[in-house]
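One structure is given here, and the rest of the page talks about it.
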Protein chains: 4
Amino acid sequence: MIKGNQVIIPTPFNEQGEIDERSLINLLDHVMNLGTEGVITLGTTGEFYALTNAEKKRIIDIASERLKGRASLTVGASHSGTDIAAELAAYASEKGADAVLVTPPYYGQVTTEGMIQHFATIGLIGNIDLMIYDGGGGVEVPVGVIDQVRQLTTRMRYLKLTTPKPSKVREIHEAFGGEVGVLAGEDLLIMPELIEGAIGLTTAAGNLRADVLTNIFQLVQEKRYQEAQVLHDRHIAPQAIVTGSIRNEFIQCFKFALKEMGVIACDKVRLPLTPLSEARKQNLKQMLINQQLISAAEGSLV
Amino acid sequence: MIKGNQVIIPTPFNEQGEIDERSLINLLDHVMNLGTEGVITLGTTGEFYALTNAEKKRIIDIASERLKGRASLTVGASHSGTDIAAELAAYASEKGADAVLVTPPYYGQVTTEGMIQHFATIGLIGNIDLMIYDGGGGVEVPVGVIDQVRQLTTRMRYLKLTTPKPSKVREIHEAFGGEVGVLAGEDLLIMPELIEGAIGLTTAAGNLRADVLTNIFQLVQEKRYQEAQVLHDRHIAPQAIVTGSIRNEFIQCFKFALKEMGVIACDKVRLPLTPLSEARKQNLKQMLINQQLISAAEGSLV
Amino acid sequence: MIKGNQVIIPTPFNEQGEIDERSLINLLDHVMNLGTEGVITLGTTGEFYALTNAEKKRIIDIASERLKGRASLTVGASHSGTDIAAELAAYASEKGADAVLVTPPYYGQVTTEGMIQHFATIGLIGNIDLMIYDGGGGVEVPVGVIDQVRQLTTRMRYLKLTTPKPSKVREIHEAFGGEVGVLAGEDLLIMPELIEGAIGLTTAAGNLRADVLTNIFQLVQEKRYQEAQVLHDRHIAPQAIVTGSIRNEFIQCFKFALKEMGVIACDKVRLPLTPLSEARKQNLKQMLINQQLISAAEGSLV
Amino acid sequence: MIKGNQVIIPTPFNEQGEIDERSLINLLDHVMNLGTEGVITLGTTGEFYALTNAEKKRIIDIASERLKGRASLTVGASHSGTDIAAELAAYASEKGADAVLVTPPYYGQVTTEGMIQHFATIGLIGNIDLMIYDGGGGVEVPVGVIDQVRQLTTRMRYLKLTTPKPSKVREIHEAFGGEVGVLAGEDLLIMPELIEGAIGLTTAAGNLRADVLTNIFQLVQEKRYQEAQVLHDRHIAPQAIVTGSIRNEFIQCFKFALKEMGVIACDKVRLPLTPLSEARKQNLKQMLINQQLISAAEGSLV
């Protein structure tokens, strides 16, 4: 079952832009060592849209083997073509993944009926739960769509919420009870979504701070909101604001930070993503120093 | 060189949703018999986003062989990952295609610099011209982007215009002279874009009416606007309005019409597209009868 | 009761940009002479967003007096501030208007709850029915919102549908029966929306062709679809495609056409609208000649 | 001249939704006592779109009188109708305001030419500088538009940047030198925009923390980035993340916080804005306590 603190990891590349498997394994170990309950690969943060099918399968192979028994594995299986997404979901199922994370179809203008069929077709594949990515590709998933998908497949079990509507946590709970678990999915909205009753977190913030997020999650479960808020304001807000406020740079931010922290070897991204400006790197590095995630000596190099 | 009347064809499937190669060949012959100067495969109309890489290559093989020497071939090579798009462009180049049609990257929010690098990287591949798809995936391509792409590759030669701004035809001409040819790309805006000086047409309307479009194009070149308008209002407006006004149904409309006309065997689309409603089919069929594209007897079956 | 053929009229200005009351009266007479059952003022076509409150009231005064007993009057009462919209609705009610047409609030990002309260507050004002403008300001109104508005006010009676989803006509009918009448509201989608069961038309197309639209509407009611389609393809498609395909120019198109036809004195629009290009005027004029709405002699002046 | 720390204030209402003039004066004094260099009224934060013209003028009267000689005054003069916006700008000019803040026209789809004429017409009014609101109403203002507006009026002097592209600060500087000053305008992006060279701040964050923002601004001018970042991460990030991440609730957040802090009497907003949920209030209150902006005793009431 998917719950608690789930971390969405990037896909590390080497300088040539090829998948750096050693860095990937290192990154998996890093987030597990920080105490995460699950890992999500091939999400937006994983640059899924810029990977070939063969590369996606290789990443599933590596992650499923490395995490086996230590943490849950959720695999991004988003694609604008339903069958192509379903085929990847089947592969993830075969390899023992726990769930697939799926955005609405993102090319062109899709009808409500098309969105429902898309999710349901993928949900009916193999032996694997479906996590709908609300807000993925910029498209909100209405509660009515979730309802209809559930009538077509019992595998629809989770919602990653990134649409900026924390009240949707409660709305989903009122509609489906424990049958659909909502996971806070937007780094900038962790606290309001947890307070509204999210059953877990699916964030990129965990790449740097999975330990703090586990504590925050636990404190909120115990209704110790004030303590959770203090931890959040001290450690998560400064990070989330610099990594999360510019949507088309957050992947670069996490790669840069993980490289500075020595977790991955290289902060390369694939086109159409482009590197951070020097000003942005400076801003990010100063936050990492303030947070003692890197030492000032490293920071002084900038 | 790409100019004149270019038709964007759908990808015919059989009832099982597999590519129907015989219908594809039939469709290629049909549009060539109607007197088109070029064919575009793997565009949005071709459901490119729902085809595997192997299927795309197979379609390129068939089209390049069938059209050889009879009409130009433009191949859609859009993808959210730049390298994946470039790899397909290289394949199209190898097979002798004349140009690739490329939308802006369509997953997530892309920076201007990312869009420029995306187009330029594809334009530098192989021995094939680049046609930028302005408005593809809903994203307008600014004139400044085209300018910068041109500084990176001499292969940037064409713009398919679907953004509803016919004045952009003139704007592009003023900026780049004959170096960048604008092709009218939106079925609902054929006349205003031609009057503004488009060097050709890239439409799906040609699947049904390539002969009329060739005439209209010729009349506009001779500045016989009034005659062109009469032809347009009689034959193109009634078609374009029913097929083109609902963006997420136009592919289904063309497949349905081509099936009714006996050109392809089946009007199947792939998910996330869903079939037309009966009311829409009726509306479409009545237009086809009015236009004498099918006989009333066929229409009376509805 | 609002039904049948309703025409949305522009607001005529003189060369100085002031309201031209004589042209307004002429225009009201013109559409009534063409046999329309109702008139809508202060819609988007009426440039409501660029009129002062005093001007809006003056237009209501003139229209209510001129139409009295001859046609229904619907008044646009859209505004981003709920109270300001409600105040205008109260005025329209006082002056005997039959309904108010209201878009969702259009400045900023509005919550679902905010949209519901907005409509309900206006619906509770005075003694006047509410027509929700689905798609107004580019925002779709979900069926669930209509349901909740209806629980707050019995005055919610009509939906002007411009979102390109003709199937919504049926969806609304299934949800609310005869309690909420859907009016086809998009010039490019008249036939599919009527076939789906719209109880009337609210179009700008009627400014030029109210007589034909009345016939089409009647034929569809008698299920004589084929005849309706022939009329549509001959007279409405050529007009709608040239006036309706470029969203930010349709007001200018109708003013230009009405001026050419001698109905209003001047085609002036207020900023931020800007005049049509010469190419667009030419395109429009040729359609008017083809349609015999103006004589070729007038057209030859271009 | 507009520069340094500028605060965008809300419009205080009483329980009946009328303007609370005493609270407004209190709020003006509060932000000046915190050391702000200027105040912006009638921005989005001021709910300008829900105020009558008479109310707007009254607010200008009060603010211009209260601030006289103590701080600069910028007045929001946004409206979808150009002439109506210009008329308010003229009033602000008469009353001695220093600048007007203007969004692109926000109803309907506006052409580039329309946007240019809109800004230029307002800029030519009276004796008052023009601050273009980039990103206002969700619309980005291209650099080319600014260039053309400048050719029509010398009054175009400032850009409030809210589009999430800090690099635009540099881009504008490279294009226009000191002729156009960019002010950081998005609470979540204060640091990256300042590091890129913004000449000042126009934020709502200053309502709570104008003193800290003045310090941050000063430190960045002295290139003491690390110290600025520490202050930001400690005091601004926790506030900005809770108030700024949900776009359609930030006005409510500031009103609630200012009420809790005793600056204004009531946190009433006008429809279509709706009140915060209890969960959101709790989240906000805990941040205020952590920041020692209110005492824990007040917080414990929740």
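Just in segment A:63-169: which trypsin sites (Lys or Arg not before Pro) are loop by DSSP and have at most 14 other Cβ atoms within 10 Å? Show your work: numbers first, answer last.
Numbers: sites: A:R66, A:K68, A:R70, A:K95, A:R150, A:R155, A:R157, A:K160, A:K168; in loops: A:K68, A:R70, A:K95, A:R155.
Here the trypsin sites (Lys or Arg not before Pro) that fit, given the DSSP loop and packing criteria, are A:K68, A:R70.
Can you tell me which lysines have their Cα less than 20 Å from the Cα of D:K57? Leave out same-chain residues fewer than eight positions away.
Straight-line reach from D:K57, under 20 Å: D:K68, D:K95.
Would you please state the base-10 log of I(q)/I(0) at q = 0.14, 0.17 1/Å for segment B:4-222, with intensities from the Debye formula using one equal scatterer on every alpha carbon?
-0.80, -1.20
Please find, in a Gaussian network model of chain B (springs between Cα atoms separated by less than 10 Å), the residue of B:F48, B:F176, B:F13 whose mean-square fluctuation is greatest.
Maximum among the listed residues: B:F176.
Might you report the magnitude of the Cβ-based charge dipole of segment D:4-222 about its Cα centre, with Lys and Arg at +1 and Asp and Glu at -1, to the nearest 20 debye?
Values: 16 positive and 28 negative charges, 50 e Å.
That gives a dipole near 240 debye.
For the protein assembly as shown, what value does the Rg/Rh ratio take when both radii are computed over Cα atoms and Rh is the Kirkwood radius, given to two decimals?
Numbers: Rg = 29.9 Å, Rh = 31.5 Å.
Result for the protein assembly as shown is an Rg/Rh of 0.95.
Enumerate the amide H contacts of A:S78 below 5 Å, restricted to partners 5 or more residues apart or on another chain; note that Pro and chain-start residues carry no placed amide H.
Counting only residues 5 or more places away or on other chains, the set is A:T103.
For C:G200, what residues show an amide H to amide H distance below 5 Å, using hydrogens built from the backbone and excluding near sequence neighbours?
Amide H to amide H, under 5 Å and 5 or more residues apart or across chains, C:G200 pairs with C:G4, C:A184.
Relative to the compact globular guide of 2.2 N^0.38 Å, what is the alpha carbon radius of gyration of segment D:158-302, as a ratio? Please list the in-between numbers first.
Values: Rg = 16.4 Å, N = 145, 2.2 N^0.38 = 14.6 Å.
Normalised Cα radius of gyration, segment D:158-302: 1.13.
If you put a point 7 Å past Cα along the Cβ direction, how far is that point for C:R234 from the same point in each other copy, in nm, smallest first?
For C:R234, the other copies' label points sit at 1.3, 8.1, 8.2 nm, shortest first.
From the label point of D:D29, set 7 Å from Cα along Cα→Cβ, how far away are the matching label points in the other copies, in nm, ordered shortest to longest?
Copy-to-copy label distances at D:D29, shortest first: 6.3, 6.4, 9.0 nm.
Rounded to the nearest 5, what % of DSSP beta bridges with both residues in segment A:4-222 are antiparallel?
In segment A:4-222, approximately 5 percent of DSSP beta bridges are antiparallel ones.
To the nearest 0.05, what FRET efficiency results for B:A175 and A:K68 with a Förster distance of 56 Å applied to their C-beta separation? Please report the intermediate quantities before stating the final value.
Working: r = 58 Å, r/R0 = 1.03.
For B:A175 and A:K68, the calculated efficiency is 0.45.
Taking the rotation axis that maps chain A onto chain D, which residue of A brings its Cβ closest to that axis, and at what distance in whole Å?
A:A237, 2
Near A:K168, which lysines are there with a Cα under 24 Å away, not counting those fewer than 8 places off in the same chain?
Leaving aside lysines fewer than 8 places away in the same chain, those within reach of A:K168 are A:K3, A:K160, A:K223, D:K255, D:K268, D:K281, D:K285.
DSSP loop (so not H, G, I, E, B), at most 16 other Cβ within 10 Å: list which GluC sites (Glu not before Pro) in segment A:182-288 pass both filters. Numbers along the way, then the final one.
Values: sites: A:E186, A:E193, A:E196, A:E222, A:E227, A:E249, A:E260, A:E278; in loops: A:E186, A:E196, A:E222.
Counting only loop positions with at most 16 other Cβ atoms within 10 Å, the GluC sites (Glu not before Pro) in segment A:182-288 are A:E222.
Can you compute the radius of gyration and Dmax for segment C:1-65, using only the Cα atoms, both in Å?
According to the Cα coordinates of segment C:1-65, Rg and Dmax are 11.7, 37 Å.
For the protein assembly as shown, with only Lys/Arg (+1) and Asp/Glu (-1) charged at the beta-carbon, what is the dipole magnitude about the Cα centre, in debye rounded to 20? Present the calculation step by step, with values, prior to reporting the outcome.
Numbers: 112 positive and 140 negative charges, 1 e Å.
Charge dipole, the protein assembly as shown, about its Cα centre: 0 debye, nearest 20.
How far is it, in nm, from the label point at A:T52 to the one at B:M261 when both lie 7 Å from their Cα along the line to the Cβ?
Computed distance between label sites A:T52 and B:M261 equals 3.8 nm.
Along the charge dipole of chain D, which of D:V269, D:T44, D:L101 sits closest to the positive end, that is, farthest toward it, with unit charges on the beta carbon of Lys, Arg, Asp and Glu (+1, +1, -1, -1)?
After comparing all options, I get D:V269.
Shielding by partners for A:102-111, please: the mean number of other protein chain Cβ atoms within 10 Å of each residue's Cβ. Could the numbers behind the result be given before it?
Values: counts 0, 1, 1, 5, 7, 15, 13, 6, 5, 8.
Mean number of neighbouring Cβ atoms from other chains: 6.
In nm, one decimal, shortest first: how far is the label point of C:I62 (7 Å from Cα along Cα to beta carbon) from the matching points in the other copies?
3.7, 6.1, 7.2
Antiparallel versus total DSSP beta bridges in the protein assembly as shown: what percent is that, nearest 5? Don't skip to the answer; put the middle values down first.
Numbers: 4 of 120 bridges.
The answer is about 5 percent antiparallel.
Just so you know, all these numbers are worked out from the coordinates, no wet-lab data involved. This one's a predicted model, so the numbers in the text were calculated from it and none came from an experiment. Positions of Cβ are generated from backbone atoms using ideal geometry, with glycine treated the same way; all protein chains shown enter the neighbour counts.
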